[in-house]
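Inspection log for the structure reproduced underneath, given as structure tokens.
Every read-out reported here was derived from the displayed coordinates using simple, explicitly stated rules and does not represent laboratory data. Only a predicted model underlies this, so the values are computations on that prediction, with no experimental measurement involved. Positions of Cβ are generated from backbone atoms using ideal geometry, with glycine treated the same way; all protein chains shown enter the neighbour counts.
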Amino acid sequence: MTTERTERKQVVVVGAGWAGLGAAYHLARQGYAVTLLEAGAYPGGLVAGWQTPQGRAVEAGIHGFWYPYRNIFALTDHLGIQPFTEWTRSAQYSPHGLEVESPLFQAQPYLPTPLGTFLYTDFKRLPLIDRLSALPLLQALIDFDNSDEAWQKYDRITARELFRQYGVSARLYHESFEPMLLVGLFAPGEQCSAAAALGMLYYFILAHQPDFDVRWCRGTVGAQIFRPWTEAIARAGGKILANHRVSDVQVENNRVTAVVCGDEVFEADAVVFAVGISGLKKIVQQSAQLRERQEFRDIRNLGAVDVLATRLWCDRKVNIPLPSNACFGFHPTTGWTFFDLNAIHDEYRNEPGTVVEADYYHANQLLALDDDQVLRQVQQDLAGCIPAFGEAKILDHSVVRIPQGVTHFAPGSYRYLLPATTSFNNLFMAGDWIVTRHGSWSQEKAYVTGLEAANHVIAALGQGQPAEILPVIPDEPHIQALRSVNRWVRQGLQGLPSFWLP
Ligand SMILES: Cc1cc2nc3c(=O)[nH]c(=O)nc-3n(C[C@H](O)[C@H](O)[C@H](O)COP(=O)(O)OP(=O)(O)OC[C@H]3O[C@@H](n4cnc5c(N)ncnc54)[C@H](O)[C@@H]3O)c2cc1C
């Protein structure tokens, strides 16, 4: 079955996560006939939310919206919705108990970075000498300017090796940096690219004092943001087709002319692929047209990480001092977080018992457990942080397993990550793993790359206005000055013969 051709130029977007929805919405508003094909039953991708048969709202893990997510905040303003909580404080736990409390950084007197992060964070146990051992790492943060050159240089080594080279103490690494990597990049330090680690740490924590401040949706992101957003896409004339798994493309004269989805064929003047790494690998495996191209064959060098998201309804109130909490030291290569949903989600505010979300990242071994085993593990871990969880009875639960779900920024992976443009004239890429010089990460990056892909379509098809993309907040003046000096020194060294391994 082939879809009818309309007068308007047709764009097919594949994948309805932040990236695909971002591209689809902008292009629909520019007058394109947009069809968004989504393999899953709901739009949202990794952030989709749905209801259990008992009518309880669940989602594939809780998602935070950090202070620098300017484009996402601009979108929710544009849609006229207020989906977010106030800015929240967070804590860190180890099996020894509470380790760190973060203040609201934007409420503290502003200090040049990184002073605010160092001085205002309340470390309960970590000695000053360990914290000070992070200082030499500033040199690498200055040197890593998100350029192609910087990625090539730092992507070759692991984050652990980088921290070791710069003299970070073992305790600071295990109690601070590695937990951040597990939560931010979903992998332990020896499995993370140093480039990704530097980019992620700078964006979320170090670029400006308030960057680590975070807020949450007052319900599932699906209900709070994606529902009104998909309605706006429909009003703009875009079509979103769920349960449509794309398997191939048709090609003529170096242009993708149609997207194949089961026995349906969707003709296209331009195509945006906004699927994750695992999704694209499956499409390439089925598509002789894509397999012919080196860039798509190379995708097989990339990987993704297992994640587990659990939600527990308890029979009693357990006092969780702060709404969001990250934990370390419980599992050697798995990070986890827990969230007080009575404090975050409107619908649980008056629930008689605690509703808690516990999400595990790099959760490979946990995906092999059945639900009862998972619940026992979660309750044991929660009780390791807040002992009262040990006494609570679990009345209801949701366990969501996401195998190979999130992007793995492994050392050496950068050379295989795709840019927004491909060797096809009219096929563009978007998603949180696509190379961009914007500097953002995670949901914000996915959304920004969706807008960037839309702008490539507009440039290729010559219809409509490009989307305005807000840049990341500029570096503070002293960082700009240090980066200039560093570039100047680097350029001076460029003439030297390159005899040693970089
Ligand atoms: C547990 C967890 C916690 C997280 N926490 C945070 C957080 O706190 N803050 C944050 O910013 N980010 C967080 N993230 C990361 C964030 O979810 C992702 O960065 C972001 O959602 C990626 O969006 P995307 O559009 O690039 O990809 P995805 O959301 O993966 O969307 C890709 C879509 O493509 C579809 N697809 C795949 N193959 C096909 C096909 N063949 N045909 C049609 N459709 C297809 C998929 O079904 C999916 O809907 C978290 C992720 C997880 C899993």
Alpha-carbon centroid distance for the pair the stretch 353-399 / the stretch 236-268, whole angstrom: 41
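Under the rule a/c < 1.5 gives rounded, and otherwise a/b versus b/c splits prolate from oblate, where does the chain land using the Cα gyration tensor?
Cα axes put the chain in the oblate bin.
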Sites N425 and A481 - FRET efficiency at Förster radius 35 Å, r taken between beta-carbons, to 0.05: 0.25
Gyration tensor verdict on the stretch 76-146 (Cα atoms; rounded if a/c is under 1.5, prolate if a/b is larger than b/c, oblate otherwise): oblate
5 angstrom amide H check on N325, placed H, neighbours 5+ away: A91, F338
Ellipticity estimate at 222 nm from DSSP helix runs (n ≥ 4, -39,500 (n - 2.57)) divided over the chain, nearest 500: -8500 deg cm²/dmol
Contour minus Cα-Cα distance for R171 and L135 (0.36 nm per residue): 11.5 nm
Charge tally in the Cβ shell below 15 Å around F330, where Lys, Arg are +1 and Asp, Glu are -1, F330 excluded: -4
Anisotropy class of the stretch 51-107 from Cα gyration tensor, a/c 1.5 cut: oblate
Derived scalar couplings ³J(HN,Hα) [the stretch 271-282; Karplus, 6.51 cos²θ - 1.76 cosθ + 1.60; whole Hz; x for Gly, Pro]: 10, 10, 8, 10, 9, x, 4, 5, x, 5, 4, 5
Per-residue ³J(HN,Hα) for the stretch 225-231, Karplus 6.51 cos²θ - 1.76 cosθ + 1.60, θ = phi - 60°, Hz, x for Gly and Pro: 10, 5, 5, x, 5, 5, 5
Alpha-carbon centroids, the stretch 314-332 and the stretch 152-176: separation in whole Å: 27
Sequence of H478, H244 once ranked by neighbouring C-beta atoms within 10 Å, starting from the fewest: H478, H244
Local electrostatic count at N71 - Lys and Arg +1, Asp and Glu -1, tallied over other residues with Cβ under 11 Å: -2
Under Karplus coefficients 6.51, -1.76 and 1.60, residue-wise ³J(HN,Hα) of the stretch 393-400 in Hz, glycine/proline x: 9, 8, 8, 8, 7, 9, 10, 10
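When a footprinting reagent is the concern and you count Cβ atoms within 10 Å, what order do R245, R291 take, fewest first? Numbers along the way, then the final one.
Working: R245 16, R291 12.
By the 10 Å Cβ count, ascending: R291, R245.
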Cβ crowding within 10 Å averaged over residues, with 149-155, 324-330, 179-185, 379-385 ranked highest first: 179-185, 324-330, 379-385, 149-155
Mean-position separation - Cα centroids, the stretch 28-75 and the stretch 422-482, in angstrom: 19
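If the limit is 32 Å between Cα atoms, which of K124/K317; K9/K445; K239/K282; K239/K317; K124/K153; K282/K393 go over it? Could the numbers behind the result be given before it?
Working: K124/K317 26 Å; K9/K445 27 Å; K239/K282 24 Å; K239/K317 44 Å; K124/K153 36 Å; K282/K393 41 Å.
Among K124/K317; K9/K445; K239/K282; K239/K317; K124/K153; K282/K393, the Cα-Cα distance tops 32 Å for K239/K317; K124/K153; K282/K393.
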